[in-house]
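In what follows, a single structure is set out as structure tokens and then discussed.
The values are calculated or read from the model by the stated rules, or taken from the named source; none is laboratory data. Predicted, not measured: the structure shown is a model, and the values here were computed from it. Please note: Cβ atoms are built from the backbone with ideal geometry, for glycine as well, and neighbour counts cover all protein chains shown.
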């Protein structure tokens, strides 16, 4: 009989713990409107974003790939001096592969640039988020052969 008493006691304790756990979860307070708004604001940035090659929104990234297909042109060491609802400006370097004798065997060269982002528009993937749609590079020193001092590129969406 003692065996049944212990088994019953264990079963009752387990049931009590389960009930207490469920009661606590269901009694948890609902998220306050302010907290919900804060979480929503984190998911939906007010300021425009830069959309990367993996279609992820980025704000003030320290690096950014310009040539998504092969990675032969990318920005690095970006230091953002300005980022608002209309424009963004950073200094950094453009790393460009010379592709000599071919890209897989080529060498990357570093060129100092000023990066400007402009023309924010609703992002097609998430219309509630605005993305910069234009990127301009101003080469402040040497530049790759064939490049103008200022290069302006449309950004993907």
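Here are some notes:
- Residue within region 124-140 that is within 16 Å of the chain's Cα centre (by Cα) and part of a helix (DSSP H, G or I) present: no
- Of the residues examined, residue 95 is not one that is in a strand (DSSP E or B), in contact (Cβ under 8 Å) with a residue 60 or more places away in the chain and under 19 Å from residue 153 (Cβ atoms).
Here is a yes/no grid of residues against (1) more than 11 Å from the chain's Cα centre (by Cα); (2) under 17 Å from residue 108 (Cβ atoms); (3) assigned to a strand (DSSP E or B):
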position	(1), (2), (3)
47	yes, no, no
50	no, no, yes
55	no, no, no
68	yes, yes, no
71	yes, yes, no
76	yes, yes, yes
85	yes, no, no
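- Positions within region 110-124 being in contact with a strand residue (DSSP E or B) (Cβ under 8 Å, 6 or more places away or on another chain) and either exposed (fewer than 15 other Cβ atoms within 10 Å of the Cβ) or farther than 19 Å from residue 63 by Cα (or both), in sequence order: 110, 119, 120, 121, 122, 123
- Which numbered condition residue 95 misses (of (1) modelled with pLDDT of 95 or more; (2) within 18 Å of residue 46 (Cα to Cα); (3) in contact with a strand residue (DSSP E or B) (Cβ under 7 Å, 6 or more places away or on another chain)): (2)
- Per-region count, region 98-123, residues outside any loop (DSSP other than H, G, I, E, B) and more than 20 Å from residue 54 (Cα to Cα): 14
- Given (1) surrounded by fewer than 18 Cβ atoms within 10 Å (Cβ to Cβ); (2) modelled with pLDDT of 95 or more, index of the condition residue 131 fails: (1)
- Annotation note: of 102, 147, the sole residue that is in the same structural domain as residue 72 (by TED's automatic domain parsing), touching a strand residue (DSSP E or B) at 6+ places or on another chain (Cβ under 9 Å) and surrounded by fewer than 18 Cβ atoms within 10 Å (Cβ to Cβ) is 147.
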